[in-house]
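Right, one structure below, let's go through it.
The values are calculated or read from the model by the stated rules, or taken from the named source; none is laboratory data. Quantities reported herein were computed from a predicted structural model and do not represent experimental measurements. Every residue, glycine among them, receives a Cβ derived from its backbone with ideal geometry; neighbour counts consider all protein chains shown.
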Amino acid sequence: MKILYVASGIPVPGTLGGSIHVLEVARGLARRGHTVDVIARSPAGAVEIASLVRPASSRFGNMRLHHINVPKALSLLAAPVMMRLVRALQPDVIMERYYNFAGAGILAARRFGIPSILEVNALIVDPPAVLKRRLDDALGGPMRRWATAQCRMADRIVTPLHTTVPPDIPRTHIVELHWGANVEHFRIDRQSIGVVHTQPTVVFLGSFRAWHGVLDAVRAGGALVGQGRDCRFLFIGDGPQRAAAEQLAARWRARFIFTGAVPYDEVPVLLAQASVAVAPFNTAAHPALRAAGFFWSPLKVFEYMAAALPVVTIDIPPLNQIVRHGVEGLLYPEGDTGALTAAIAYLLDHPAEARAMGERGRERVMAHFSWARHCEELERVMREIAGRVTR
């Protein structure tokens, strides 16, 4: 098939979770023999009004990239150029990554009678506690209506958890599908890359946002240092709480390493240095997660598992269905920093058991949570709607 994947506002290639998601899905579909075109933002990120007339198009590995660089809030301005690209490319299926101000891909699919998939990574209608929702309500709900309209126009909605989609959308239109990890990219041969574990290392990978629990990870690390443990802590990534995390860790500066944002290709080598991986999510900082359940498909957890690391994360679904307590890692009550500290300490004190958990985690992610499995299922959905919808 010819597939057009629209990811307005997402830099591709890039270091953000969304960037990795789009790149892996596009590559995975192309590896399955499809022709894949991706509309995204360039990594440079500079606004280029000229891209609304002529996108910057290029070959990137086994797919083609078309960069349209406009502010995310103005993504719908790209509708005319989207229509021209669709006429030129003549895709069999259009898939668009949902965003409040996007939708040009779904509109183009509707106009040309092309089967479409809406890929949903977040709660479509925010709860009243979110400022964006309150502003929308004050304006009479235009964003809510547009979001619901996109759901109705799409032939299928792909999302990790159906509660991201408004309840008035038929559940039969929704396919629950976890994201994944590139199990080959994260296959780590520590001997071949010269990694020597001179000191046990605990790693945190991802966005430094409040709900990722990075400050809890630092507090747990400080407590372990205070217990006299000879270990270090590696924090990979960037985000709003990075400065606060570094300040909190300053008293143990020799034990804490902050890398900042790291290119995707370099992450496996860094994970190879680790003995234990943490994902201390805290949904109290995220009203939408409180309202709809943990709808994020946890890329960091899948990548830890693919790297054969034992995972410490919170005991809520679906995290406790991905990482099983005592099997692929350890679970602890959300928000309990003392329990987080104790779980890390247990794995540091039982290295053979920790390694066995990591190996079981890699086996589990290969079987159930790889990008290859994700793309296989996505292809099935695409073939289903392509066979049902005729132009």
Q: Considering only residues that are outside any loop (DSSP other than H, G, I, E, B) and at pLDDT 95 or above, look in the range 271-299 and name the one that is farthest from the chain's Cα centre (by Cα).
A: VAL276
Q: From (1) part of a loop (DSSP other than H, G, I, E, B); (2) closer than 26 Å to VAL93 by Cβ; (3) in the same structural domain as ILE20 (by TED's automatic domain parsing), pick out the condition that doesn't hold for PRO167.
A: (2)
Q. Any chance the range 271-292 includes a residue that's hydroxyl-bearing (Ser, Thr, Tyr) and either within 17 Å of ALA367 (Cα to Cα) or not assigned by TED's automatic domain parsing to the domain that holds LEU330 (or both)?
A. no
Q.
Quick test of your reading of the structure: ARG145 fulfils all but one of (1) assigned to a loop (DSSP other than H, G, I, E, B); (2) exposed (fewer than 14 other Cβ atoms within 10 Å of the Cβ). Name the failing condition by number.
A. (1)
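Condition check ((1) closer than 30 Å to ALA108 by Cα; (2) modelled with pLDDT of 95 or more; (3) not assigned by TED's automatic domain parsing to the domain that holds TYR99) across all residues:
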| position | (1), (2), (3) |
| --- | --- |
| ARG145 | yes, no, no |
| ILE157 | yes, yes, no |
| ARG171 | yes, no, no |
| VAL196 | no, no, yes |
| SER207 | no, no, yes |
| ARG219 | no, yes, yes |
| VAL225 | no, yes, yes |
(Q) Checking VAL175 against (1) in the same structural domain as GLN273 (by TED's automatic domain parsing); (2) not in a loop (DSSP other than H, G, I, E, B), only one condition comes out false. Which one? (A) (1)
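Given the options VAL175, VAL203, name the one that is farther than 26 Å from PRO333 by Cα and in contact with a strand residue (DSSP E or B) (Cβ under 6 Å, 6 or more places away or on another chain). Talk me through it step by step, then tell me what you get.
Working: VAL203 fails: farther than 26 Å from PRO333 by Cα.
Answer to the selection: VAL175.
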Q.
Out of the residues in the range 328-371 meeting the condition of being among the small types (Gly, Ala, Ser), more than 25 Å from GLY228 (Cα to Cα) and surrounded by fewer than 18 Cβ atoms within 10 Å (Cβ to Cβ), tell me which one is farthest from the chain's Cα centre (by Cα).
A. ALA356
Q | Conditions (1) exposed (fewer than 13 other Cβ atoms within 10 Å of the Cβ); (2) under 19 Å from ILE39 (Cβ atoms); number of the one not met by ALA138 | A | (2)
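Across the range 356-372, what is the number of residues that are in a helix (DSSP H, G or I) and either touching a helix residue (DSSP H, G or I) at 6+ places or on another chain (Cβ under 8 Å) or of a type in the set (Gly, Ala, Ser) (or both)?
Total satisfying the criteria: 11.
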Q: Scan the range 195-227 residue by residue and report those that are over 30 Å from SER19 (Cβ atoms) and either charged (D, E, K, R) or surrounded by 21 or more Cβ atoms within 10 Å (Cβ to Cβ) (or both).
A: LEU224
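Output the helices (runs of 4 or more DSSP H) that fall wholly within the range 23-139 and possess 3 or more residues being of a type in the set (Asp, Glu), or say none.
So the answer is none; nothing clears 3.
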Q) Which of (1) closer than 17 Å to PHE186 by Cβ; (2) of a type in the set (A, V, I, L, M); (3) in contact (Cβ under 8 Å) with a residue 60 or more places away in the chain is the odd one out, the single condition ILE385 does not satisfy? A) (1)
(Q) So ALA308 passes all but one of these: (1) assigned to a loop (DSSP other than H, G, I, E, B); (2) of a type outside the set (Phe, Trp, Tyr); (3) surrounded by fewer than 18 Cβ atoms within 10 Å (Cβ to Cβ). Which condition number does it fail? (A) (3)
Q: Could you pull out the residue among GLU353, GLU376 that is of a type in the set (Asp, Glu), within 21 Å of ILE20 (Cβ to Cβ) and part of a helix (DSSP H, G or I)?
A: GLU376
Q) Of all the residues that make up the range 159-172, how many are surrounded by fewer than 21 Cβ atoms within 10 Å (Cβ to Cβ) and either among the polar types (S, T, N, Q) or under 22 Å from the mean Cα position of the chain (by Cα) (or both)? A) 6
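It is to be established whether one or more residues within the range 63-76 are closer than 20 Å to ALA372 by Cα, out of contact with any Ser or Thr (no Cβ under 6 Å at 6 or more places or on another chain) and not assigned by TED's automatic domain parsing to the domain that holds HIS212. Write out each step before concluding.
First, pick out the residues of the range 63-76 that are closer than 20 Å to ALA372 by Cα: 63-64.
With the extra rule that they be out of contact with any Ser or Thr (no Cβ under 6 Å at 6 or more places or on another chain), the set shrinks to 63-64.
Keeping just the survivors that are not assigned by TED's automatic domain parsing to the domain that holds HIS212 gives 63-64.
Checked against the condition, which is being closer than 20 Å to ALA372 by Cα, out of contact with any Ser or Thr (no Cβ under 6 Å at 6 or more places or on another chain) and not assigned by TED's automatic domain parsing to the domain that holds HIS212, the range 63-76 yields at least one hit.
Could you count how many residues in the range 93-123 are charged (D, E, K, R) and surrounded by 19 or more Cβ atoms within 10 Å (Cβ to Cβ)? Before the answer, list the steps.
Taking the range 93-123 first, the residues charged (D, E, K, R) are 96-97, 110-111, 119.
Then keep just the ones that are surrounded by 19 or more Cβ atoms within 10 Å (Cβ to Cβ); that gives 96-97, 119.
Residues meeting the conditions: 3.
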